[in-house]
Amino acid sequence: MLAYIGKLSVEASASVPQFAFPLLVFVVGALVVALGSSVTYLSQWFYFGGSARQWKVGFALNMLAIVLWLVSHGLFAVGAWLAYLQFKAYA
């Protein structure tokens, strides 16, 4: 998508802002998946602690990581659909 936007900026620069939102959705999705990965490592650190309280915190963080993973997939799907609609408008 970035290559297409780069080419579009040379040939029809007025059309570039219409791709800003789909790109933003992709970037936020990438941030969410990175946060999910970080939370996964943090949850494993709590699981390693051994106490019942630490295990509960680890479990909660593990559930959060799963939610972040699902959200990132949803953002990818929405970003792909929005990009498709923009590409279709200029094809």
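The values are calculated or read from the model by the stated rules, or taken from the named source; none is laboratory data. Keep in mind it's a predicted model, so treat the numbers as computed, not measured. Cβ: placed from backbone, ideal geometry, glycine included. Neighbour counts: every protein chain shown.
Of the residues making up the range 28-49, those that are hydrophobic (A, V, I, L, M, F, W, C) and at pLDDT 90 or above are Val28, Ala30, Leu31, Val32, Val33, Ala34, Leu35, Val39, Leu42, Trp45, Phe46. Within the option set Leu35, Leu42, being closer than 30 Å to Pro17 by Cβ, surrounded by 13 or more Cβ atoms within 10 Å (Cβ to Cβ) and touching a helix residue (DSSP H, G or I) at 6+ places or on another chain (Cβ under 7 Å) holds for one residue only, Leu35. Could you please find all residues in the range 50-72 being farther than 13 Å from Thr40 by Cβ, surrounded by 13 or more Cβ atoms within 10 Å (Cβ to Cβ) and either at pLDDT below 90 or not aromatic (Phe, Trp, Tyr) (or both)? Scanning the range 50-72 gives Gln54, Val57, Val71.
Of the residues Phe59, Phe48, Phe26, the single one that is under 30 Å from Gly6 (Cα atoms) and in a helix (DSSP H, G or I) is Phe26.
Residues of the range 1-22 that are in contact (Cβ under 8 Å) with a residue 60 or more places away in the chain and either part of a helix (DSSP H, G or I) or among the acidic types (Asp, Glu) (or both): Tyr4, Leu8, Ser15, Gln18, Phe19, Phe21, Pro22.
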